[in-house]
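Engineer: So that we are looking at the same thing, I have put the structure below in structure tokens.
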């Protein structure tokens, strides 16, 4: 592989990311990262902002921006931890919990799932997931 081939491959990966995250947002109305935050909170319950940052592997400012937007939309609440004032605790609101009960079952979700199911076989999806995991784990050191 040449450096030009690598750059072309990485750029195609970037374009694919932009495309599928745009498809996701247009269909569900949610930014993908914010949806991941909601699902994490649904699964794990109340957590710290730092835990979310580690889970998402993004900087603190980005987590804060996402949480601010989710809070303004009424999906989460944030409050200082009374035992440790340096921590911010994040909780799903009752409204968000209700919405997430139907995760994957809404008409918009079903359209999105059917669309991806038409484009890729289950084996291709599993192969892609494996390749993306390998890419995520790359480290030069």
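Nothing in this text is a laboratory measurement; each read-out follows from the coordinates by a stated rule. Predicted model, so just to flag it, every value in this text is computed and none were measured. In this analysis, Cβ positions are derived from the backbone assuming ideal geometry, glycine residues included, and neighbour counts consider all displayed protein chains.
Engineer: Using semi-axes √(5λ) of the Cα gyration tensor in Å as the read-out, say which of (i) 27, 20, 15; (ii) 26, 15, 14; (iii) 30, 22, 13 was calculated from these coordinates.
Structural biologist: Comparing each candidate, only (iii) matches the computed number.
Engineer: Expressed as a whole number of Å, what is the distance separating the alpha-carbon centroids of the range 10-24 and the range 69-83?
Structural biologist: 30 Å
Engineer: Taking 41 Å as R0, compute the FRET efficiency from the Cβ-Cβ separation of residue 14 and residue 85 and round it to 0.05. Display every interim value, and only then the final one.
Structural biologist: On the way: r = 40 Å, r/R0 = 0.97.
Efficiency computed from Cβ-Cβ geometry: 0.55.
Engineer: Separate question: Taking 0.36 nm per residue of sequence separation and subtracting the Cα-Cα distance, how much length would be gained by fully extending the chain between residue 141 and residue 109, in nm to one decimal? Write down the numbers at each step before the final one.
Structural biologist: Values: separation 32, 0.36 × 32 = 11.52 nm, distance 4.02 nm.
The span from residue 141 to residue 109 would gain 7.5 nm if fully extended.
Engineer: Report relative contact order for the range 3-141 in percent, whole number only (criteria: Cα-Cα under 8 Å, sequence separation at least 6). Don't jump to the answer; show the numbers that get you there.
Structural biologist: Values: 91 pairs, mean separation 27.7, N = 139.
Reported as a whole number, the value is 20 percent.
Engineer: Hey, what angle do you get for helix 3-28 against the long axis of the chain, alpha-carbon based, 0 to 90 degrees rounded to 10?
Structural biologist: Result, in degrees: 50.
Engineer: So between residue 21 and residue 121, what do we pick up on full extension, going 0.36 nm a residue minus the alpha carbon distance?
Structural biologist: Values: separation 100, 0.36 × 100 = 36.00 nm, distance 1.97 nm.
Extra length from residue 21 to residue 121 when fully extended: 34.0 nm.
Engineer: Give me the number: length gained by fully extending residue 32 to residue 69, i.e. 0.36 nm times residue separation minus the C-alpha to C-alpha distance, one decimal in nm. Spell out each step's value before the answer.
Structural biologist: Details: separation 37, 0.36 × 37 = 13.32 nm, distance 1.30 nm.
Net length gain for the segment: 12.0 nm.
Engineer: I want to check the label-to-label distance for residue 128 and residue 53. Put each point 7 Å from Cα in the C-beta direction and report it in nm to one decimal.
Structural biologist: It is 3.2 nm.
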